[in-house]
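Some notes on the structure that comes next.
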Amino acid sequence: MSAPSNSFQPDSTDLDRLHSAVKREKEDLQTGREPAPVLAMFLAMIVAVIAGGQLGTMTGGYSFGTSNPFGFVAGQDPRPGGGDDVVAMDPFQSAMKKGANSYAVCGGCHQGTGNGIPGQFPPLAGSEWVTGGTERLVRVLQHGLIGAITVKGQGYNIPGGMQPFGAAMSAGDLANVLTYIRNSWGNEAPMITKEMVEKVRSTEKRTAQWTMPDLEQYAKANVPGDIPAGPGATASAAATPAAK
């Protein structure tokens, strides 16, 4: 028969309970660092609200129009070119600014410089198509263009043709972008108005893209209408060749 073992085996369970009890013990608060009573915090908040109201009255009161940190006056459109800025512009300046934004859809082919890509996309800078008859130009943007064309004595064959923008852009948007390209990169020509685009649209029944031979009859024709501002603003409607 073996003798009983005298070795001591610690009880880990008792140690775990002891550590848990120690963790539950709260630290003794130091004198003078006790949390403030809830009532005292509430009274301090009431005093702050009353003092703020009195201060606002003494300083003329709060007004977002004069106290805001954003740099614009209440009631004014804060967007660039918005609100009073657009109102202050004449029709030509407004069309040029809006047309510059709309030209983003054209810049991929004709480039930001208006010089196009040799052999593929014709230039707009110095182009007789741009500064020539307004009726041909409106029709091109309205229904697109396909096939070989000649611009500034150079031949171009636009891959897939120029797509029509008439369905995607309003008459005002078309007029703005046309006015922009007619007066950028050294070009200078009378503006095209929304009313002029609408006149062409009201009589145009075409559904297919144009070709250069089809557009020859409109090469020097201008859509009749008043020119309110910008280059050619003094030209009278009577002196402008009527659209066919």
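Projected label points at THR203 and ALA148, each 7 Å from Cα along the beta carbon direction, are separated by 3.1 nanometres.
For the listed peptides 103-116, 175-188, 220-233, 120-133, a ranking on the average number of other beta carbons within 10 Å per residue, highest first, reads 175-188, 120-133, 220-233, 103-116.
If R0 is 25 Å, what FRET efficiency do you get for GLN217 and ALA100 from their C-beta distance, rounded to 0.05?
Working: r = 31 Å, r/R0 = 1.24.
The formula returns an efficiency of 0.20 here.
If the chain linking GLN120 and VAL38 were pulled fully straight, counting 0.36 nm for each residue of separation and taking away their Cα-Cα distance, it would gain 21.7 nm. Neighbours of TYR103 by Cβ distance under 12 Å: Lys/Arg scored +1, Asp/Glu scored -1, total +2.
The numbers here are math on the coordinates, done by the rules we state, and not lab data. Just so we're clear, the structure is a prediction, and the values are computed from it rather than from any experiment. Counting neighbours? That spans all protein chains shown, and the Cβs are built from the backbone with ideal geometry, glycine included.
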